[in-house]
Each structure stands twice: as structure tokens, then as C-alpha cells.
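The next block holds one structure in the form of C-alpha cells; read it before the comments.
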There are 2 protein chains.
Amino acid sequence: MNKHSKPQPTESELGILKVLWQDGPSSVRHINDLLNKERETGYTTTLKLMQIMLEKKLVTRNEEKRTHIYAANVSQESAQKGIIAKILNTAFSGSAKNLVLQALGNHDASLEELNEVKALITKLENEKKS
Amino acid sequence: MNKHSKPQPTESELGILKVLWQDGPSSVRHINDLLNKERETGYTTTLKLMQIMLEKKLVTRNEEKRTHIYAANVSQESAQKGIIAKILNTAFSGSAKNLVLQALGNHDASLEELNEVKALITKLENEKKS
DNA sequence: TTTGATCTACGAATTATTTCGTATATACTT
DNA sequence: AAGTATATACGAAATAATTCGTAGATCAAA
């Protein structure tokens with residue numbers, strides 16, 4: 001859609017995107033309230049960050065009302081893809097397997113989740129065999 | 001072992017650790033040479049970074065010879081664990097499953113790798129059932 | 001219509017990270 | 001021994017990311 005690809009979101013920007021992904025289009029106030037549950041952050045700090053994100057096209061905003069409403073302009077999936085690509089090379093020597101083993105090994109996924117993952121793998125295997 | 005836990009390595013620091021993990025204890029020269037295959041970096045830049053890492057205890061060094069030899073002082077596993085923990089919360093809403101799906105879905109792992117992952121999952125499932 | 005709350009804009013301070021230049025010491029070569 | 005290459009140390013510049021204060025607009029309530 002855009003000729004220029006968006007930069008990878010920074011750490012703080014991801015925190016904001018996370019809320020937008022979860023709750024959908026939101027005001028600065030809403031986001032700042034949520035962020036403050038995790039960690040004290042000034043209102044104008046959050047505002048400034050979101051204005052920067054607007055410049056970077058990481059979000060869009062609706063200015064009809066006085067209180068602007070921001071929306072994520074990158075999907076969670078694409079952001080995830082970028083992050084994984086980056087850490088694969090730096091921390092995991094390019095091995096997706098190792099990444100997966102760490103993720104599953106250390107953070108207990110539910111039985112149900114494990115099954116879903118297994119199902120995906122079977123699917124991938126079949127695709128490869130054909 | 002240490003009373004104070006080591007800070008998370010920064011992006012550049014990870015690049016250095018990556019070499020140390022791969023090649024074992026190395027001189028600054030060696031690391032800088034490898035880094036330069038990816039991206040131009042001045043020698044003293046790498047040196048300085050490694051001195052900082054020494055302060056942070058991310059590496060140790062042997063000073064017997066004039067050319068100091070640095071060694072990683074964090075395992076690749078523990079660094080991986082830290083990174084995954086961080087991105088799980090920010091980008092993946094805490095779902096290890098989603099992280100795994102992305103990792104496997106986008107970067108083609110080999111059949112062999114897929115099998116290994118599957119084996120691990122089966123093992124985890126059995127642990128849970130007991 | 002004055003007061004108070006809330007909003008945006010935006011410059012600038014602060015902090016974190018990365019990069020580099022220079023001084024100085026040590027080793028190697030001729 | 002002199003000259004050249006290669007080390008470390010370290011301050012400080014450059015860059016990136018985060019945080020904050022202040023000014024001015026808008027709205028809502030007394």
C-alpha cells in the first residue's frame with residue numbers, strides 16, 4: 001500500500017500498538033490509562049509518542065472530534081513477523097527450531113495450545129512432502 | 001552465581017555475543033572482522049562495546065596476552081529466554097503459541113526440524129498429563 | 001462568562017546507545 | 001635502534017529513544 005515501508009516500532013511504540021491491537025481505535029487518554037497500570041507514564045509522554053508514530057505511519061488518527069482517535073496502521077502479524085526475523089538472526093543463529101523450543105520449553109503453553117502447534121506442524125510437513 | 005543479575009544485552013551487544021557463542025572465546029580483532037562482513041564497524045567501536053560488556057559482566061576476559069581474549073558470560077539459552085519473555089508480552093500478548101506459529105509459518109524450517117519440534121511437544125504433553 | 005478540566009502541539013531536556021578520535025603501550029620487522 | 005603495525009584505554013561526539021513542561025484551544029459546569 002505504501003511505497004515506503006514503515007520502520008520497526010521501538011519498544012515503547014510496541015507497548016502502544018499492543019493496546020490498539022487489543023482494544024481497537026483509542027484515545028491517548030485510554031492508552032495512557034492502560035499503560036499506567038504497568039508503569040507510570042506521563043500523559044504528554046504518551047501523546048508525543050503517538051504523534052511520532054503518526055509521522056512514521058505506524059498509526060492513523062481520526063481528528064473529527066477534539067479528542068483524536070488513533071488506530072494501528074500495522075497489523076500485529078506483520079509486526080510479529082518483523083520482530084521474529086530480527087531476533088532469529090541475532091539471538092537464534094537463524095534457527096526457527098531453537099526459537100520454538102525456547103518459547104515452548106520455558107513458558108508453559110496449555111495442552112490445547114500444544115495440540116494446535118502440533119497440528120500446524122503436521123500441515124507444514126505435508127506441504128513440504130508434496 | 002552473581003548477586004546482581006546482568007542487564008539484557010542491547011542490539012549491538014547481541015551481535016558480539018552471537019560471535020562469541022559461535023566461535024568461542026575471541027579477540028576484539030576477530031569479532032570486529034566478522035562484524036564487518038555484515039556491516040562496516042570501526043575497530044575501536046567494537047572494542048569500546050566489549051569493554052562496556054565487561055563492566056556489565058556480559059563477558060569475561062583473559063588479559064594474559066597483550067591481545068585480550070573475551071568470552072561470553074551469559075549462555076545463549078539465558079539470553080534467548082530473556083528476549084522471548086520480553087517479546088511475548090509486548091508483541092504476542094503472552095501467547096507462546098502465536099509466537100511459535102509465526103516462527104514456523106514464515107521461516108521455512110526443514111522437515112527434520114519440524115520433527116524435532118513435534119517430538120518436543122509430545123514430550124511436553126506427556127509431562128503435563130502426568 | 002468565568003473557572004476548571006482536558007485536549008493538542010511542540011520544543012527541549014534527559015537518558016540510552018553507538019561511534020569515533022586520540023593517547024599511549026607493546027610487539028614485530030628491518 | 002628506528003619505524004611500522006596493532007593493542008588497550010578512555011573521553012567525548014553523534015545518534016536514537018524517551019520523557020516532560022508549557023502554551024494555547026476547546027469544552028463543560030457553575
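The values are calculated or read from the model by the stated rules, or taken from the named source; none is laboratory data. Predicted model only: the values in this text are computed from it and were never measured. Don't worry about glycine lacking a Cβ; one is built from the backbone with ideal geometry, like all the others, and counts go over all protein chains shown. These accessible areas exclude ligands, DNA and RNA; they are computed on the full protein's heavy atoms, side chains included. Shrake-Rupley method; radii C 1.70, N 1.55, O 1.52, S 1.80 Å.
Would you kindly work out the equivalent ellipsoid of the protein assembly as shown from its C-alpha gyration tensor and give its semi-axes, the square roots of five times the eigenvalues, largest first in whole Å?
33, 28, 18
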| field | Ascending list, in nanometres, of distances separating the A:S110 label from those of the other copies (7 Å, Cα toward Cβ) | value | 3.5
| For chain A, what does -39500 (n - 2.57) per DSSP helix run (n ≥ 4), summed and divided by total residues, give at 222 nm, in deg cm²/dmol to the nearest 500? | -20000 deg cm²/dmol
| What's the tally of Lys pairs in region A:11-72 whose alpha-carbon atoms lie under 23 angstrom apart, where the two lysines are 8 or more places apart or on different chains? | 10
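Kirkwood Rh and Cα-based Rg: tell me the resulting Rg over Rh for region A:73-130, rounded to two decimals. Walk me through the numbers on the way to the answer.
Working: Rg = 13.3 Å, Rh = 13.1 Å.
Ratio of gyration radius to Kirkwood radius for region A:73-130: 1.02.
In square nanometres and to one decimal, what's the mean projected area of the convex hull around the Cα atoms of chain A?
Details: hull surface 44.8 nm².
Spelled out: convex hull of the Cα atoms, projected over all directions, averaged, 11.2 nm².
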| said: Which residue, B:T60, B:Q22, B:S12, has the largest displacement toward the positive end of the dipole of chain B when charges sit on each Cβ (Lys, Arg +1; Asp, Glu -1)? | reply: B:T60
| B/A buried area, accessible surface, summed, 1.4 Å probe, Å² | 4600
| query | In peptide B:119-127, what is the residue-averaged number of other protein chain Cβ atoms found within 10 Å of each Cβ? | reply | 4
| query | Hey, how much of the P(r) for region B:11-72 falls beyond 14 Å, as a percent of Cα pairs? | reply | 49
| query | Within the accessible area of region B:44-130, what % is carbon and sulfur when the probe is 1.4 Å and the other protein chains stay in place? | reply | 48
| Could you give the accessible area per residue of chain B, probe 1.4 Å, as a whole number in Å²? | 59
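Enter the mean number of other protein chain beta carbons within 10 Å of the beta carbon of each residue in B:109-118, as an integer. Each step should come with its number before you reach the end.
Values: counts 9, 3, 4, 1, 7, 9, 3, 4, 11, 5.
Mean partner shielding for this stretch: 6.
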| task | Please give, to one decimal in nm, the separation of the simple spin-label points placed at B:A119 and A:A71, each 7 Å out from Cα toward the Cβ. | result | 4.8
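What GluC sites (Glu not before Pro) in region B:14-61 are in a loop by DSSP, with at most 14 other Cβ atoms within 10 Å of the Cβ?
Working: sites: B:E38, B:E40, B:E55; in loops: B:E40.
Qualifying residues, ordered by number: B:E40.
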| said: Could you identify the residue of B sitting closest to the B-A rotation axis by Cβ and state that distance rounded to whole angstrom? | reply: B:V100, 2
| said: Using a 7 Å offset from Cα along the direction of the beta-carbon, what are the separations from A:S93 to the same position in each other copy, nm, ascending? | reply: 3.5
